[in-house]
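J.: I have a structure I would like to understand better, so I am pasting it below and will then ask my questions one at a time.
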Amino acid sequence: MEPNVIVGGGVSGLLIARVLQEKNLSFVGFEKSARLGGRGEVGSHRILKPNTVALLTEFVPEVSWLTTEAEVQERVKGEFTPIRDGYSEAEKFYLTSAPYIPTAPFDQILEKLAAPVQERFHYQKTVTQIHGDTKTIEFSDGTEQKFEKLFWCSDLSLLFKLWVGEPLRAPKANKKAADMPSGVNLTFDLESPLFESKNTVVLPFRFKDFKLRALGIPDLNEDGLPHRLQCMIFLPKELMEDREEVAKCVRTLKRELLKEFPELTQKTKREKIVYLPVLSGEETAQWASLEIAPDIYYLGPQIYLHEDQAEWKNLDLLVSNVSHLRSKEFQPAS
Ligand SMILES: Cc1cc2nc3c(=O)[nH]c(=O)nc-3n(C[C@H](O)[C@H](O)[C@H](O)COP(=O)(O)OP(=O)(O)OC[C@H]3O[C@@H](n4cnc5c(N)ncnc54)[C@H](O)[C@@H]3O)c2cc1C
């Protein structure tokens, strides 16, 4: 029996691991993949709340943060001109918010966050069932783990799906996954930046009858140099449902980029495509407590405790949830 068990090694799982370690509580973590970081691994993230920066700085004091006054820009035929209107809610977040930008690559922040706790995680362990009555989780490899307290740091609907026991009362979602933007994130690691702008740049292109836009987000590479470009595309549902169409769409974007920046191929050291069913938002719901069932805590960005947090972005929300739990007294389980 391990008193405290964490499932999921993304930002939520890593933060709660650091909190438990700080409280001198014994714990073990389980992560489905071979790596820690979860969706945080896509790289550049926008953080809007000073409290989020404060908590991350406590755990990773080596990194400092800058705020920027974001400017909305659009690349049209080689010129940068402001977009006045006509962008979606999802795009608006990337185009209009003035975020805190870390002075180190986001992956490095995750690595430093993970370093003191990574040995406590077991990798390639996928939870397939949670027995609420016997406080046991089962894994896909047939093994089991008993827990006293469970910190669920993965998708909330998965917790409900894997749960066996007294039915859990589902939170009433404020936003449905179906309403969330989805798409693709295409990242280029480059020899040197493609353009000078530090802000999000809009790269418009056409694919069949769709008038699409990729948001070009300049980012730091693992050496801390501004040599990484993320191209994020929010795609209409009809496109997203067909992987071949998505692949064609990405190829079209690359062709358009090459027209604008013929040096792209030569400059590219590495390219990564991440297909994201739900790109950067989750269903969110207000909940009275982070304790979903006795001794089962959910820490991620799908639950907010206060009405005024309903519109907060993911990292701000999950950090607020972790801070909430950090302020509580935890009795080590006997
Ligand atoms: C392209 C992109 C851009 C984004 N930009 C922003 C931004 O600018 N600002 C912002 O605030 N947020 C942003 N987000 C959202 C943010 O990254 C996520 O909300 C956050 O990383 C979620 O962290 P998490 O730890 O709660 O979940 P996750 O990162 O999803 O971690 C869950 C972990 O659980 C593991 N897991 C899943 N199932 C199981 C299982 N059955 N057993 C064991 N382990 C399991 C997964 O492998 C994963 O490692 C963005 C997301 C994406 C994809």
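J.: So K125 passes all but one of these: (1) assigned to a loop (DSSP other than H, G, I, E, B); (2) more than 30 Å from V164 (Cα to Cα). Which condition number does it fail?
T.: Of the numbered conditions (1) assigned to a loop (DSSP other than H, G, I, E, B); (2) more than 30 Å from V164 (Cα to Cα), the odd one out for K125 is (2).
J.: If the requirement is being closer than 18 Å to P3 by Cβ, among the acidic types (D, E), more than 14 Å from the ligand (Cβ to nearest atom) and modelled with pLDDT under 90, which of these qualifies: E329, E291?
T.: Answer to the selection: E329.
J.: Now for a different question. Taking E166 as meeting all but one of (1) touching a helix residue (DSSP H, G or I) at 6+ places or on another chain (Cβ under 9 Å); (2) in a loop (DSSP other than H, G, I, E, B), write down the number of the exception.
T.: (1)
J.: I'd like the residue in segment 1-54 that is hydrophobic (A, V, I, L, M, F, W, C) and part of a strand (DSSP E or B) and, out of all such residues, is surrounded by the most Cβ atoms within 10 Å (Cβ to Cβ).
T.: Only one residue fits best here, namely I6.
J.: Among the residues that make up segment 262-284, is at least one of them away from the ligand (no atom under 16 Å from the Cβ) and under 20 Å from R213 (Cβ atoms)?
T.: yes
J.: Within segment 79-101, is even one residue assigned to a helix (DSSP H, G or I) and farther than 26 Å from D155 by Cα?
T.: yes
J.: Scan the helices (runs of 4 or more DSSP H) fully inside segment 230-334 and keep the ones with 3 or more residues being in the same structural domain as W163 (by TED's automatic domain parsing).
T.: In segment 230-334, 314-326 are the helices (runs of 4 or more DSSP H) which contain 3 or more residues that are in the same structural domain as W163 (by TED's automatic domain parsing).
The values are calculated or read from the model by the stated rules, or taken from the named source; none is laboratory data. Because the structure is a prediction, the values reported are computed rather than measured. For neighbour counting, all protein chains shown are included, and Cβ atoms are generated from backbone atoms with ideal geometry for every residue, glycine included.
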